[in-house]
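Engineer: Mind having a look at this structure? Questions to follow.
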Amino acid sequence: MGRLVLGIASTLVCLLVAELATRWLLPVPLHTTDTFLHLGDARLRRDESAPVWLRAGVRTRHQEEDFSVTVAVNSKGLRDREMAYAKPPGVRRLLSVGDSFAFGYGVELDEAFCKVAAAELGPPWEAINAGVPSWGTGDELDFLLTEGFRYEPDVVVLTCFFENDLRDNWNRQRYTVGADGRARRVRPLEQDLRERTSFDGVSVRNPLLKTICERGAPADATEPAAPAPPRVSWWIAHSNLARMVRRAISRTEYRTREQAMQEAAHRDEAERRALGAALLTEIARQCRAHDTPLVILLMPSKKELAWNDGPGFRAAYDDVVAGAEQWGATIVDLAPPLRELGIQTAYFGNDPHINAAGHRAVGHVLARAVRSAWRGRGGPAHPGASGVPPQLGPWVDRVLGRRR
């Protein structure tokens with residue numbers, strides 16, 4: 001018994017010494033996304049189909065090497081002020097949906113391009129920021145069907161960052177391409193959560209996630225109850241040693257998976273593009289059904305801007321966006337204005353996102369696109385009951401043939 005106690009005491013002393021030493025020599029600050037972005041527990045993070053959402057009711061400081069900004073999340077899980085579902089009389093709403101670029105990663109809320117565009121458009125326009133870091137097109141479709149259209153938007157703005165989106169859509173395996181070429185959900189998200197984990201941290205407390213899990217907006221328009229307080233792992237929040245170990249594990253996992261991911265990307269490229277096209281087409285169909293113009297922003301990365309000396313950025317993804325365009329979506333290639341502004345000017349030095357100057361440039365382009373889309377409401381006729389534009393038919397058939 002004495003040896004057991006001595007062994008436990010020695011272990012605790014060693015851990016305490018290691019904690020103090022790492023705090024002094026190799027400090028690893030708490031990553032502030034841990035305070036506003038919910039990724040579930042470790043089991044969920046390893047599962048690509050795990051949902052990602054913002055912690056409702058959080059107000060924190062997001063600080064990294066390139067920036068220090070405030071992130072405040074409202075009771076519905078959006079980085080915005082409190083917004084009622086019912087639109088005030090005389091107001092026109094711009095609903096911005098997307099990943100970290102739409103979220104405004106690294107900039108203040110009023111510097112995000114949706115807010116810049118609304119300010120340039122002037123009254124009666126207002127913008128709702130519904131961007132969430134790490135979201136893919138499937139997440140954005142789920143949000144629109146369960147929450148987004150409840151805000152009665154006059155224009156939906158969808159930001160596509162294809163460097164991540166096509167991979168995320170494919171890896172998460174939430175949607176597939178049906179025999180008719182349309183995006184089909186594999187099964188309800190609530191069932192996925194119930195079978196993958198019983199971790200209490202992913203219980204459906206966030207109002208936004210609750211409606212997604214229920215696969216449809218509630219019939220009534222009552223406002224959600226006050227959110228539960230944000231939860232961050234105690235060890236991650238308080239232990240430098242725990243944060244260091246987690247970072248080392250994450251980097252090791254990334255290195256071991258990187259080659260396999262690259263090989264899979266080449267092998268599954270056609271299927272990824274087909275799924276991305278089907279999801280974008282479905283979003284455009286839903287916007288048409290709600291008589292809401294859709295503007296799709298194609299966001300390039302630093303790398304894509306630096307390498308793209310020939311055809312426009314959009315040309316590389318024409319097959320992916322063609323279906324949405326056939327259903328009346330306005331496609332905006334952001335590569336030309338960002339390249340004209342300059343990569344060093346438009347993007348952070350170390351972080352891969354656009355900075356405040358980049359957001360201003362995108363906001364200006366977006367304001368013009370919204371004016372054009374609003375004037376041309378209705379758009380071209382839809383391509384047919386199947387939702388597959390004629391030029392995509394053989395391509396979709398070829399992809400589906402590989403899976404049969």
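Here, each number is a calculation from the coordinates, and none is a lab measurement. Values in this document were obtained by computation on a predicted structure and should not be read as measured data. Don't worry about glycine lacking a Cβ; one is built from the backbone with ideal geometry, like all the others, and counts go over all protein chains shown.
Engineer: Mind ranking 349-361, 276-288 by how tightly packed they are, going by the mean number of other C-beta atoms within 10 angstrom, highest first?
Structural biologist: By packing density, highest mean first, the sequence is 276-288, 349-361.
Engineer: Still on this structure, I have one more. Can you tell me how segment 104-151 classifies by the Cα gyration tensor, rounded, prolate or oblate, using a/c under 1.5 as the rounded cut?
Structural biologist: Cα axes put segment 104-151 in the oblate bin.
Engineer: How far apart, in nm, are two points set 7 Å out from the Cα along the Cα-to-Cβ line at Ala119 and at Leu16?
Structural biologist: 5.2 nm
Engineer: Between His364 and Leu6, what's the calculated FRET efficiency when r is the beta-carbon distance and R0 is 56 Å? Round to 0.05.
Structural biologist: 0.25
Engineer: Please sort 106-115, 75-84, 162-171 by packing, taking for each peptide the average over its residues of neighbouring beta carbons within 10 angstrom, highest first.
Structural biologist: 106-115, 162-171, 75-84
Engineer: How do 128-134, 98-104 rank on mean C-beta neighbours within 10 Å, highest first?
Structural biologist: Put in order of decreasing packing, that is 98-104, 128-134.
Engineer: To continue, here is another question. Taking 10 °C and 1.306 mPa s as the conditions, I'd like the Stokes-Einstein D for segment 88-183 in µm²/s, using the Kirkwood hydrodynamic radius from alpha carbon pairs.
Structural biologist: The calculation lands on 111 µm²/s.
Engineer: Report the full-extension gain for the segment Trp374 to Asp66: residue separation times 0.36 nm, less the Cα-Cα distance, to one decimal in nm.
Structural biologist: Gain in length upon complete extension: 107.3 nm.
Engineer: Would you pull out the residues with amide H under 5 Å of Trp53's amide H, same chain only if 5 or more places away, H placed 1.01 Å from N?
Structural biologist: Here His38 satisfy the definition.
Engineer: Further question on the same structure: Val157's amide H: which non-local residues (gap 5+, or another chain) put their own amide H closer than 5 Å, with H modeled 1.01 Å from N in plane and none for Pro or chain starts?
Structural biologist: Correct list: Leu95, Ser96, Val97, Val295.
Engineer: Within 9 Å, Cβ to Cβ, of Asp99, how many net charges do the neighbouring residues add up to if Lys/Arg are +1 and Asp/Glu are -1?
Structural biologist: -4
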